[in-house]
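Novice: Before anything else, here's the structure in question.
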Amino acid sequence: MIFRILNKLAFVLITFAAGLILSSCDKEDDNNGNNLNNGHAIFLLIDEDAIDNGSEPNNFSDTDVNDQLAEVGLRKPLAWFASNEGKTITLYTGQVGDEGLFALKTIPASWKAAGPADNGTRNFLLAGPGLGSEGNGLDREDLLDKIPDVTPLRASGLAMLKGSVVLAVVYDSDVSINYNPLNGSLKGANLGIVAFEVLEVSNRPFGSSSSLPSIKVKVLNTGLVSELPLKLFANAPLVASSSEPFDTSIPETPASVLLTDAP
């Protein structure tokens with residue numbers, strides 16, 4: 001009897017110790033918000049169908065996502081993300097025809113010419129003249145309409161992002177997309193910027209037939225990520241219309257992401 005009791009006690013102690021070790025590992029992983037092993041960041045756009053106040057699955061408050069500050073050209077890190085580096089959360093990504101994440105595949109020459117940097121993508125990130133601020137004879141949104149190849153990301157494109165570090169400008173409302181030819185209007189108020197690593201892409205729970213996958217992301221330090229070389233998602237899958245392809249299923253073997261330097 002005593003022997004059995006001692007065995008049970010030993011089992012409980014071993015289980016408790018193992019739990020402490022696992023808990024410690026999880027905590028360390030949660031606080032490790034600087035996993036920048038890729039050495040670069042993919043530059044994307046995000047709208048209200050992925051990050052917004054009061055929306056599932058996170059139900060962010062107005063102040064969490066800078067909604068009270070929203071304006072054209074705002075590039076301040078979103079408050080919740082800035083305060084929760086290393087945390088892991090799930091983001092929904094919209095539905096076919098109303099997507100939440102977008103790839104920039106073409107950077108207009110006018111963006112580079114606008115300044116202040118010698119790089120068009122950086123100028124947009126800095127909300128340079130015509131790209132969020134006034135200057136050089138340009139109003140705040142003069143260079144933000146009919147931008148070629150702004151590509152909504154559906155299931156196949158989202159799956160290709162797994163393992164990638166992302167830096168994104170977040171819009172307060174929808175990014176408007178036109179088809180044939182594909183282009184987007186990047187006008188409208190911004191909530192700011194976010195940075196994260198895409199950990200997992202999975203089917204959205206309790207979604208509709210048109211729901212796109214959800215993504216599990218680790219929040220990264222926006223300042224550190226913004227210093228990395230920026231890349232464009234060059235082979236983001238083509239979309240022909242708001243409903244074609246009706247791409248909601250994660251491929252068993254996603255294609256490899258092809259990146260180009262952001263000019």
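Novice: Cα centroids of segment 105-143 and segment 173-239: how far apart, whole angstrom?
Specialist: Cα centroid of segment 105-143 versus Cα centroid of segment 173-239: 21 Å apart.
Novice: How far apart, in nanometres, would the label points at D62 and A117 be if each is projected 7 angstrom from Cα along the Cα-to-Cβ direction?
Specialist: 3.2 nm
Novice: Once the dipole of the chain is set up with Lys and Arg at +1 and Asp and Glu at -1 on Cβ about the Cα centre, which of P263, N183, S133 lies farthest towards its positive end?
Specialist: P263
Novice: Also, quick follow-up: From the residues I147, A240, A103, which one has its Cα farthest along the dipole of segment 35-261 in the positive direction, the dipole being from +1 and -1 charges on Cβ of Lys/Arg and Asp/Glu about the Cα centre?
Specialist: A103
Novice: Oh, and also: Using DSSP, restrict attention to beta bridges with both residues in the chain and report what percent are antiparallel, rounded to the nearest 5. Before the final figure, lay out the partial values.
Specialist: Numbers: 36 of 46 bridges.
Antiparallel: roughly 80 percent of the beta bridges in the chain.
Novice: For E244 and K76, calculate 0.36 nm times their separation in residues minus their Cα-Cα distance, and state this gained length in nm to one decimal. Walk me through the intermediate numbers first.
Specialist: Numbers: separation 168, 0.36 × 168 = 60.48 nm, distance 3.49 nm.
Difference between extended and current length: 57.0 nm.
Novice: Bin width 10 Å, alpha-carbon pairs only: give the P(r) of segment 129-191 as whole percents, running from 0 to the bin holding the largest distance.
Specialist: Answer for segment 129-191: a P(r) of 20, 41, 31, 7, 0 percent.
Novice: Let me spell out the model: positive unit charges on the Cβ of Lys and Arg, negative unit charges on the Cβ of Asp and Glu, origin at the Cα centre of the chain. What dipole size does that give, in debye rounded to 20? It would help to have the intermediate numbers written out before the result.
Specialist: Working: 18 positive and 32 negative charges, 193 e Å.
Its charge dipole is roughly 920 debye.
Novice: Something else now. Would you mind computing, in nm to one decimal, how far apart the modelled labels at N178 and D142 are, each placed 7 Å from Cα along Cα→Cβ?
Specialist: For the pair N178/D142, the computed spacing is 2.0 nm.
Novice: Which whole-number percentage describes the relative contact order of the chain, with Cα contacts under 8 Å and a sequence gap of 6 or more? Before the final figure, lay out each step's value.
Specialist: Working: 601 pairs, mean separation 67.6, N = 263.
26 percent.
Novice: Pairs K112/K218; K87/K112; K105/K187: which exceed 28 Å Cα-Cα? Mind dumping the intermediate values first?
Specialist: Numbers: K112/K218 31 Å; K87/K112 35 Å; K105/K187 17 Å.
Checking Cα-Cα distances, K112/K218; K87/K112 exceed 28 Å.
Novice: Now a separate question. Once Rh for the chain is found with the Kirkwood sum over Cα pairs, what is the Stokes-Einstein diffusion coefficient at 10 °C and 1.306 mPa s, in µm²/s? Provide the component values of the computation, followed by the final result.
Specialist: On the way: Rh = 19.5 Å.
The diffusion coefficient I find is 81 µm²/s.
Novice: For segment 218-263, just run the numbers: alpha carbon Rg, then divide by 2.2 N^0.38 Å, N being how many residues it has.
Specialist: Numbers: Rg = 14.7 Å, N = 46, 2.2 N^0.38 = 9.4 Å.
Ratio of Cα Rg to 2.2 N^0.38 Å: 1.56.
Novice: Nearest 10 degrees is fine. How inclined is helix 2-31 to the longest principal axis of the chain, computing both from alpha carbons?
Specialist: Once rounded, one gets 10 degrees.
Quick note: the coordinates plus some simple rules give every number you see, no bench work behind them. Just so you know, these numbers come straight off a predicted model, no measurement behind them. Methodologically, a virtual Cβ is constructed for each residue, glycine included, from the backbone with ideal geometry; neighbour enumeration extends over all protein chains shown.
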